[in-house]
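The values are calculated or read from the model by the stated rules, or taken from the named source; none is laboratory data. Computed from a prediction, not measured in an experiment: that's the story for all the values here. FYI the Cβ positions are ideal-geometry reconstructions off the backbone, even for glycines, and counts take in every protein chain you see.
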Amino acid sequence: MELSKLKDLTLEGTPYQGEILEAIEAIDTDGLSIQFPIRYEVSVYSLHDVWTLILSVDFEYQTNCSRCLKEMVDRVSVESEMIVAETEEDAKLYHSEDEDEVILWQRRDNFLDELAMSIVVTSLPIQPLCSDDCKGLCPTCGKDLNLGDCTCDNQSIDPRFAALQGLFDEE
Ligand SMILES: [Zn+2]
Ligand SMILES: [Zn+2]
């Protein structure tokens, strides 16, 4: 793919639409499985002689909630903006002038797929949650507290009192 092709598409108002059918390379996703195909869109804009690429990716992943361990599916939409350099000299130049991420344009066929995939991998959550207020499992009996309370007394003892209790025990 040539950058000029992307430019033409953007000017026509039809961003390039890509689809990643399967994992390009093995990704260590820590028990998390990404659903394929992954769809993405790319547009490029020129600003002060610098090309800016906007890539939006939509994907779903399946995993287990990190608190209650229930199976869950979540959808992520992420948009990433980066400056594109066509030569290494340009890349160095842009790096020194701008804080934004600069990528070196590659003409190989699946370059955009790779770029989209790298955005997917960096947007995966470290601690996925089935919902923001997931109550998790009881540390004592293991009951899913989202389904209701259990009868365990999980009130943690204030560490200062615990220390005092230790003192009394020694007497
Ligand atoms: Zn949960
Ligand atoms: Zn319990």
Residues of the stretch 5-48 satisfying the condition of being loosely packed, with under 11 Cβ neighbours inside 10 Å and hydrophobic (A, V, I, L, M, F, W, C): L21, A26, L47
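Here's the yes/no breakdown for (1) modelled with pLDDT of 95 or more; (2) within 11 Å of ligand 2 (Cβ to nearest atom); (3) farther than 26 Å from V76 by Cβ:
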position: Q127; (1), (2), (3): no, no, no
position: D133; (1), (2), (3): yes, no, no
position: S156; (1), (2), (3): no, no, yes
position: P159; (1), (2), (3): no, no, yes
position: Q165; (1), (2), (3): no, no, yes
position: E171; (1), (2), (3): no, no, yes
Complete set of residues in the stretch 94-119 that are touching a residue at least 40 places away in the same chain (Cβ under 8 Å) and small (G, A, S): A116
All positions within the stretch 65-93 that are within 16 Å of ligand 1 (Cβ to nearest atom), without any contact (Cβ under 8 Å) to a residue 40 or more places away in the chain and not charged (D, E, K, R): V73
Number of the exception - E101 against (1) buried (at least 16 other Cβ atoms within 10 Å of the Cβ); (2) closer than 23 Å to T122 by Cα: (1)
Of the criteria (1) hydrophobic (A, V, I, L, M, F, W, C); (2) within 22 Å of I126 (Cα to Cα); (3) in contact with a Ser or Thr (Cβ under 9 Å, 6 or more places away or on another chain), which one F36 fails: (3)
Residue in the stretch 81-97 that is assigned by TED's automatic domain parsing to the domain that holds D49, surrounded by 12 or more Cβ atoms within 10 Å (Cβ to Cβ), in contact with a His (Cβ under 6 Å, 6 or more places away or on another chain) and at pLDDT below 90 present: no
